[in-house]
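Some notes on the structure that comes next.
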Amino acid sequence: MLVKPGSKKGPLVEVNDDGSYTVYLLQRAVDGAANEGLIELLAKHFQISKSRVVIESGFTSRIKRISLDI
């Protein structure tokens, strides 16, 4: 999953042609704000609770691996 923090296009979740996701966030990557915003947006997008969204890797990267407990 590619995450673009501080984007004016966000908040938005896009599905790419290859099945991967690009997520545009309003929050900037400062003090974990973008990661928290990502969890909130994905939970809303997939209609699950925030506790079911886990960032597995890429905490400081724009490329992240996410686990969803659907």
Taking the condition of being basic (Lys, Arg) and under 10 Å from the mean Cα position of the chain (by Cα), how many residues in the stretch 27-51 meet it? 0
Report, by residue number, each residue of the stretch 13-40 that is part of a helix (DSSP H, G or I) and over 11 Å from ILE66 (Cβ atoms). ALA33, ALA34, GLU36, GLY37, GLU40
Step by step: first the residues of the stretch 41-51, then only those that are in a helix (DSSP H, G or I) and in contact with a helix residue (DSSP H, G or I) (Cβ under 7 Å, 6 or more places away or on another chain), then the one that is surrounded by the most Cβ atoms within 10 Å (Cβ to Cβ). Which residue is that? ALA43
So, GLY10, is that one at pLDDT below 95 and crowded, with 17+ Cβ neighbours inside 10 Å or not? yes
For the stretch 20-58, give me each residue that is within 14 Å of LEU2 (Cα to Cα) and at pLDDT below 95. ALA29
Residue in the stretch 52-60 that is under 12 Å from the mean Cα position of the chain (by Cα), on the phi > 0 side of the Ramachandran plot and not charged (D, E, K, R) present: yes
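The values are calculated or read from the model by the stated rules, or taken from the named source; none is laboratory data. The structure presented is a predicted model; accordingly, all values stated were derived computationally and were not measured. Quick reminder, even Gly has a Cβ in these numbers, built from the backbone with ideal geometry, and neighbours come from all protein chains shown.
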